[in-house]
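Chemist: First the structure, which I've put down as structure tokens, then a few questions once you've had a look.
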Amino acid sequence: MSGTQVIEQARTQLAHAAKLLNLDPGLHEVLSRIKRSVIVNFPVVMDDGSVKVFEGYRCQHNTSRGPTKGGIRYHQDVDLEETGALAMWMTWKCAVADIPYGGAKGGVRVDTKKLSKRELEKLTRRFVSEINMIIGERSDIPAPDIGTNPEVMAWIMDTISMQVGYTVPGVVTGKPIPLGGSLGRVEATGRGVIVAAHEACKDLNMDFAGKRVVVQGFGNVGSIAALLGERDGAVIVGVSDARGAIHNPKGLPIEKLFHEFSGRDGGLAEYKECDQISNEELLELDCDILIPAAIAQQLTAQNADKVKAKLIVEGANGPTTNEADNIFSDRGVLVVPDILANAGGVIVSYFEWVQDLQNFFWNESRVNEELESIMKRAYDGVRQSRDTYKTDMRTAAMIIGVKRVADATLTRGIFP
Ligand code: NAD
């Protein structure tokens, strides 16, 4: 998978929605470009005294509906094109959820497994210092993504606060609770994925309880989706991490895997009371619901025919290629797209930002209730758009997102 393919995937989806919306070609051109991108190369003194240079990016796609928002990813495959595509998807996601942000994304090309904690902290603080001219609590608010977590968000908040001379909790979301983080943020994306799965089950006239679920990726999104799915009565028959996948047709003990195996060096593969399989085999397992929650471009023209699930709920960003989408559509597989299914994270990030700006904090049940209500409202909107345009859920969601951003752009007018 290359970043060029990912941005192509994002632009093809936009073109499809633009055509159905009869969008003005100039406006389409505006929306297909990334408004602002910063590329930085910066040094870090490693623990052994040597100096290593890392490349990082921050891309802001669109600011018509508000400040930009989007995660920071640490991964060896991060590049400018992929970061731009992820920023574009964030724009549509915020618009589909109807929260007042445009999309952004950032990343550093690094394999965090090769860094000590001290090196990770130094890399984070230097990276943030290099992009500090474009991030800010009123302009662009980062959050966690692959390879980053609440601790990294704390370093980001502290670095910006040290530079301006006072504490700025609203500059980043996904922070630890004592630093202005929101209750419920860690679980928010996985929780939203399960709300979307329940809604999709209603569309398919089936009960969520008792369904066999496969989850690819056992990080923040995948593990919480698996845990909450199991709590709601689903049987999680397969899960995976980057090292491999495990399978038990009778169900895997998700609580146990979460507490005892997810943090281990050997990963889930150290759990032995199951079959060890590959990530490729995992996606083709016999199941009812598939939740890809790892990385992009996992469901492709090569395996889409072999996927047995009747429902795919995209926890990850961009896990399904456009070719695979067409195959699923022909086969009648319902795909709940990323810009709807995984919006829970940015929705609760929005709650966190609001709480930080007001210095007034909510209890967890309020966070979860408001999250569920926005997810259901967004799902309902996409359902209606699907029926109006007689199309699939991804196109229906894109139509809503692109239309809201296009309307905002036109209403504001093109400066000057
Ligand atoms: P994470 O780093 O916490 O977890 C990623 C998981 O995927 C890990 O278990 C890792 O081992 C696994 N993985 C990595 N490469 C893999 C591969 N090639 N095959 C199988 N598994 C692999 O990241 P996360 O925050 O859970 O994010 C997962 C996905 O969800 C990403 O696409 C991210 O953009 C998307 N997402 C995350 C959030 C959020 O709030 N964290 C919000 C919206 C979307």
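Chemist: Given the options Arg212, Arg191, name the one that is over 23 Å from Asp387 (Cβ atoms) and either of a type in the set (Ser, Thr, Tyr) or in contact with a strand residue (DSSP E or B) (Cβ under 8 Å, 6 or more places away or on another chain) (or both).
Modeler: None of the other options fit; the residue is Arg212.
Chemist: While we're here: Only one of these is among the hydrophobic types (A, V, I, L, M, F, W, C), within 15 Å of the ligand (Cβ to nearest atom) and over 21 Å from Pro100 (Cα atoms): Val152, Val164. Name it.
Modeler: Values: Val164 fails: within 15 Å of the ligand (Cβ to nearest atom).
Val152 is the lone residue from the list that is among the hydrophobic types (A, V, I, L, M, F, W, C), within 15 Å of the ligand (Cβ to nearest atom) and over 21 Å from Pro100 (Cα atoms).
Chemist: Between a first residue in the range 205-228 that is more than 23 Å from Phe261 (Cβ to Cβ) and not assigned by TED's automatic domain parsing to the domain that holds Ile194 and a second residue that is assigned to a loop (DSSP other than H, G, I, E, B) and within 16 Å of the ligand (Cβ to nearest atom), which pairs have beta carbons less than 7 Å apart while being 6 or more apart in sequence or on different chains?
Modeler: Within 7 Å, no pair qualifies.
Chemist: Something else: Only residues that are open to solvent by less than 20 Å² (accessible area, probe 1.4 Å) and either within 14 Å of the ligand (Cβ to nearest atom) or over 28 Å from Leu340 (Cβ atoms) (or both): list them for the range 237-260, please.
Modeler: Passing the criteria: Gly238, Val239, Ser240, Gly244, Ala245, Ile246, Ile254, Leu257.
Chemist: State whether one or more residues within the range 304-327 are at positive phi, in contact (Cβ under 8 Å) with a residue 40 or more places away in the chain and within 10 Å of the ligand (Cβ to nearest atom).
Modeler: yes
Chemist: Could you give me the residue pairs with C-beta distances under 7 Å whose first residue belongs to the range 350-379 and is open to solvent by less than 60 Å² (accessible area, probe 1.4 Å), whose second residue is among the charged types (D, E, K, R) and part of a helix (DSSP H, G or I) wherever it lies, and which are 6+ apart or on separate chains?
Modeler: The qualifying pairs are Phe351/Glu370; Glu352/Arg185; Asn368/Arg191; Leu371/Arg191; Tyr379/Glu199.
Chemist: Within the range 167-180, take every residue that is within 16 Å of the ligand (Cβ to nearest atom) and within 17 Å of Gly106 (Cα to Cα) and give me the one that is surrounded by the most Cβ atoms within 10 Å (Cβ to Cβ).
Modeler: Val172
Chemist: Right, another one. If we keep just the residues of the range 261-274 that are touching a residue at least 24 places away in the same chain (Cβ under 8 Å) and open to solvent by less than 80 Å² (accessible area, probe 1.4 Å), which is nearest to the chain's Cα centre (by Cα)?
Modeler: Within the range 261-274, the subset touching a residue at least 24 places away in the same chain (Cβ under 8 Å) is 262, 267-269, 271, 273-274.
Then drop every residue that is not open to solvent by less than 80 Å² (accessible area, probe 1.4 Å), which leaves 262, 267-269, 271, 274.
Details: Ser262: 20, Gly267: 22, Leu268: 22, Ala269: 25, Tyr271: 27, Cys274: 29 Å.
Looking at residues that are touching a residue at least 24 places away in the same chain (Cβ under 8 Å) and open to solvent by less than 80 Å² (accessible area, probe 1.4 Å), I get Ser262.
Chemist: Looking only at the range 382-413, filter to residues that are part of a helix (DSSP H, G or I), charged (D, E, K, R) and in contact with a helix residue (DSSP H, G or I) (Cβ under 9 Å, 6 or more places away or on another chain); which one of those is nearest to Leu311 (Cα to Cα)?
Modeler: Residues of the range 382-413 that are part of a helix (DSSP H, G or I), as a first pass: 382-389, 393-412.
Remaining after also requiring charged (D, E, K, R): 383, 386-387, 394, 403-404, 407, 412.
If we keep only those that are in contact with a helix residue (DSSP H, G or I) (Cβ under 9 Å, 6 or more places away or on another chain) as well, we get 383, 386-387, 394, 403-404.
Numbers: Arg383: 15, Arg386: 16, Asp387: 18, Arg394: 13, Lys403: 26, Arg404: 27 Å.
Per the criteria, the residue is Arg394.
Chemist: When the residues of the range 346-375 are filtered to those that are farther than 12 Å from Ile99 by Cα and within 20 Å of the chain's Cα centre (by Cα), which remaining residue is farthest from the ligand (Cβ to nearest atom)?
Modeler: It comes out as Ser373.
Chemist: Here are some residues: Tyr350, Tyr379. Which one is within 14 Å of Gly184 (Cα to Cα) and assigned to a helix (DSSP H, G or I)?
Modeler: Testing whether each residue is within 14 Å of Gly184 (Cα to Cα) and assigned to a helix (DSSP H, G or I) leaves just Tyr350.
Chemist: Output the residue which, of all residues in the range 275-303 that are within 12 Å of the ligand (Cβ to nearest atom) and among the small types (Gly, Ala, Ser), is farthest from Met393 (Cα to Cα).
Modeler: Ser278
The values are calculated or read from the model by the stated rules, or taken from the named source; none is laboratory data. Keep in mind that what you see is a predicted model, and the values were worked out from it rather than measured. Ideal geometry is used to build each Cβ from the backbone, glycine not excepted, and the neighbour counts take in all protein chains shown. Ligands, DNA and RNA are excluded from the accessible area calculation, which covers all protein heavy atoms including side chains. Shrake-Rupley method; radii C 1.70, N 1.55, O 1.52, S 1.80 Å.
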